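The values are calculated or read from the model by the stated rules, or taken from the named source; none is laboratory data. None of these values were measured; they are calculated from a predicted model. No Cβ is skipped: glycine too gets one built from the backbone with ideal geometry, and neighbour counts run over all protein chains shown. Each accessible area value is taken on the protein alone, full model and side chains, heavy atoms only, with ligands, DNA and RNA left out. Shrake-Rupley method; radii C 1.70, N 1.55, O 1.52, S 1.80 Å.
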Amino acid sequence: MNIKQTLMGLVLAVTATISTEAQQVSLIPLPAEMTIGSGSFVWKDGQKLVYPAYAGDSVLAVCQRFSTDFEKATGVELKLKKRGQGAVVLKIDEQLGPEAYRLTTGPDGIRIEAARPAGFFYAFQTLKQLMPRNVMAGVPDASVKTWSMPAVTITDQPRYGWRGFMLDEGRHFFGKEEVKRVLDVMCAYKLNRFHWHLTEDQGWRIEIKKYPRLTEVGAWRNSRLLAWGDVKPDGQRYGGFYTQDDIREIVDYARERFIEIVPEIDMPGHFQAALAAYPELSCTPDQKHEVWLRQGVSGDVMNVASPKAVQFAKDVIDELTELFPFNYIHIGGDECPTRAWENNAECQALFKEIGAEKYRDLQGHFYRQLQAHIKAKPAAQQRHLIAWNEILGSNTDGLDLTVMAWVGADAAAKAAAQRGMNTILSPQIPYYINRRQSKDPSEPRSQGYGTETVEAVYNYQPAKGVDASLLPYYKGVQANFWTEYVIEPDTLEYLMLPRLAAVAEAGWTPQALRRYDDFVQRLQAEADYYKWADYEYGKHVFK
Ligand code: ACM
């Protein structure tokens, strides 16, 4: 516990009555069905938590993590056992969906049913939110003498299977500890996809054994600030990257929290840092390429007609496949100017060879080769590819791609669905939560003009008015966080919270139950969570 948390403990001790009131039932995301009963459940040392048998003992693992964290926060020690009676009893109900759960709490005990470990995990997350927020933060509060919970009956499952958050570490690098804090707050809100934007013009952040210069050269640049308008390069040496051991550590951390990591290697645009390391992958191998010091869209892109570049992409995918035991790899595809291809003899020849209609078709051709490479792997190593919605401007025939819709997101998602492609909604406005959340001049420097208020983020309705026949292609929602201006973890957290909670609710809660005024009321309790866990957050809607 750091100093800030100790002080928080004192503040909460003084206001204990208020916090007892406030802890009533303020759940985010709001469950699909809930009734509030009478009475409460009181936790006591030595109570039994009975868990069901499950392949690989993975429900036991969920219980062990819960009881360890719970004990740390409350001092209450639970006894785990495999069968019999107990104060907390978990049972398998195969009828429930993969992330669904049923939770009943009351004076007689706690019952949890789920079909899969993820369902039990989410039930425990809900259970933590039924308690004072130091419990979700995993921080002790010595001022509480009795730990109790209101009586509720909840039957819950998410609206969407994809509930994501993207962090750009290409522009600025935050490091392992901050990424873990991001994963912690994600799972507090039942988000389940961490889209890790690991490469950019301004920095390459993941060790790739076959191409060591990516991190020897591509992870470092000569300015901490990224030039734009009145912001000038400052000449400071700046950078950082994740070793493969770091990646494995983060992967384990995410898996324990039922979060899949979606690594993104942005190709063929936003690729200048890699070209600084390996100029032979560019359209101008004889020229000097540098890790970019500016914001914006660079015209210095990968030469997609070069066999070396195609091999590079396949090699990188091979290492990603080993490192990330999940379903998806994001291959970028946004904002890739075609000018360099138009002026390059290899690209001109490829254009003719494949009978392209426009230079953008070279991008689809490039992705098709990557997909063929993946499809030739054994089943356990196959991954689905995702790309930003610009790919819809290329020939997508034969591409099994999920389209991440950001620019003109609603129209792009619909176009993807009409082509039979899965899609994820991450609309630039209002889901780019690195943008300003108010017009107040004290806001940290970031993009946008204050249009992405908590209310605007909350009120975006995913798939509004979409024809029922297309809805199966809509896989979920995602908040994105770009870091051109954001350098410090505190600024990241300040802009991310509480807006991440608003996006999480769009991904989980049925639209018919979502009301902004009700959300803001429930959100008030989250200030305690942010304070206990020492997160910075935007205070605009807190009383
Ligand atoms: C993007 O915002 N360029 C995906």
Next on the checklist: Tell me the net charge near VAL291. Cut-off is 12 Å between Cβ atoms, VAL291 excluded, with +1 for each Lys or Arg and -1 for each Asp or Glu.
Outcome noted: +2
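Does the stretch 302-412 come out rounded, prolate or oblate, given a ≥ b ≥ c as the square roots of the eigenvalues of its C-alpha gyration tensor, rounded meaning a/c under 1.5 and, failing that, prolate meaning a/b above b/c?
Oblate, because a/c is 1.5 or more while a/b does not exceed b/c.
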Checklist entry - Once you charge only the Cβ atoms, +1 for Lys and Arg and -1 for Asp and Glu, what is the size of the charge dipole of the stretch 363-430 about its Cα centre, to the nearest 20 debye? => result 240
Checklist entry - Going by average Cβ neighbours within 10 Å, how do the peptides 527-533, 35-41, 75-81 rank, with the highest at the top? => result 527-533, 75-81, 35-41
Checklist entry - Which of the lysines could a cross-linker span from LYS81 if the Cα-Cα distance has to be under 22 Å and same-chain partners fewer than 8 positions apart are dropped? => result LYS44, LYS48, LYS72, LYS91, LYS128
Item to check | Cβ crowding within 10 Å averaged over residues, with 511-519, 177-185 ranked highest first | outcome: 177-185, 511-519
Checklist outcome for this item: By the mean-Cβ-within-10 Å protection proxy, highest first, 129-137, 345-353 rank as 129-137, 345-353
Checklist entry - Let a ≥ b ≥ c be the square roots of the eigenvalues of the Cα gyration tensor of the stretch 177-320; is it rounded (a/c under 1.5), or, if not, prolate (a/b larger than b/c) or oblate? => result oblate
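What is the local net charge at ASN480, summed over the other residues whose Cβ is closer than 14 Å to its Cβ (Lys, Arg +1; Asp, Glu -1)?
Charge balance near ASN480 sits at -4.
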Checklist entry - If you take the alpha carbon radius of gyration of the stretch 238-301 and divide it by 2.2 N^0.38 Å, what ratio comes out, to two decimals? => result 1.45
Item to check | Value at 222 nm in deg cm²/dmol, rounded to 500, when DSSP H runs of n ≥ 4 in the chain each add -39,500 (n - 2.57) | outcome: -10000 deg cm²/dmol
Checklist entry - In the chain, what percentage of the DSSP-assigned beta bridges are antiparallel, given to the nearest 5? => result 35
Checklist outcome for this item: In this structure, the FRET efficiency calculated for GLN287 and LYS176 from their beta-carbon separation, with R0 = 56 Å, to the nearest 0.05, is 0.95
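For the chain, just say rounded, prolate or oblate: build the C-alpha gyration tensor, square-root its eigenvalues into a ≥ b ≥ c, call rounded for a/c under 1.5, and beyond that prolate if a/b exceeds b/c, oblate if not.
prolate
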Next on the checklist: How many angstrom lie between the Cα centre of the stretch 284-306 and the Cα centre of the stretch 157-191?
Outcome noted: 29
Checklist entry - Say each of ASN343 and LYS81 gets a label point 7 Å from the Cα, pointing the same way as Cα to Cβ; how far apart are those two points in nm? => result 7.6
Item to check | Given charges at Cβ of Lys, Arg, Asp, Glu: the chain dipole, positive-most of GLY393, TYR529, ILE487 | outcome: TYR529
Item to check | For the stretch 232-364, with +1 on Lys and Arg beta carbons and -1 on Asp and Glu, the positive-most of GLN287, PHE312, PRO268 along the dipole | outcome: GLN287
Item to check | Heavy-atom accessible surface of the stretch 168-271: percent carbon and sulfur, 1.4 Å | outcome: 48
Checklist outcome for this item: Residue by residue through the stretch 55-65, the couplings from Karplus 6.51 cos²θ - 1.76 cosθ + 1.60 with θ = phi - 60°, in Hz, x for Gly and Pro, are 3, x, 6, 6, 6, 4, 4, 4, 5, 4, 5
Item to check | Interchain or long-range residues, amide H under 5 Å from ARG294's placed H | outcome: ALA227
Next on the checklist: Can you give me the distance in nm between label points at GLN521 and ALA227, each placed 7 Å from the Cα along the Cα-to-Cβ direction?
Outcome noted: 5.3
Checklist outcome for this item: For LYS464, the lysines lying under 25 Å Cα to Cα, once residues fewer than eight places off in the same chain are dropped, come out as LYS190, LYS414, LYS475
Next on the checklist: Can you work out the Karplus-derived ³J(HN,Hα) for every residue in the stretch 81-92? Use 6.51 cos²θ - 1.76 cosθ + 1.60 with θ = phi - 60°, whole Hz, and x for glycine or proline.
Outcome noted: 8, 7, 9, x, 8, x, 5, 10, 10, 9, 9, 7
Checklist outcome for this item: Once the in-chain neighbours fewer than 8 apart are removed, the aspartates and glutamates whose Cα is under 17 Å from LYS288 read ASP201, GLU216, GLU280, ASP300
Checklist outcome for this item: With x for Gly and Pro, the residue-by-residue ³J(HN,Hα) of the stretch 328-344, computed from phi through the Karplus equation 6.51 cos²θ - 1.76 cosθ + 1.60 at θ = phi - 60° and given in whole Hz, is 10, 10, 9, 10, x, x, 7, 6, 10, x, 9, 3, 4, 5, 4, 9, 10
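How high is the FRET efficiency from HIS540 to LEU470, r the C-beta distance, R0 51 Å, rounded to 0.05?
For R0 = 51 Å, the calculated efficiency reads 0.90.
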Checklist outcome for this item: FRET efficiency (LYS44, GLN24; Cβ distance; R0 25 Å; to 0.05) is 0.70
Checklist entry - Using alpha-carbon pairs under 8 Å, 6+ residues apart, how would you state the relative contact order of the stretch 287-365 in percent? => result 37
Item to check | For ASN480, distant residues with modelled amide H under 5 Å away | outcome: MET166, TYR432, ILE433
Checklist outcome for this item: Which residues qualify? For LYS79, with a placed amide H closer than 5 Å and at least 5 residues away or on another chain, they are GLY46, GLN47, LYS48, LEU49
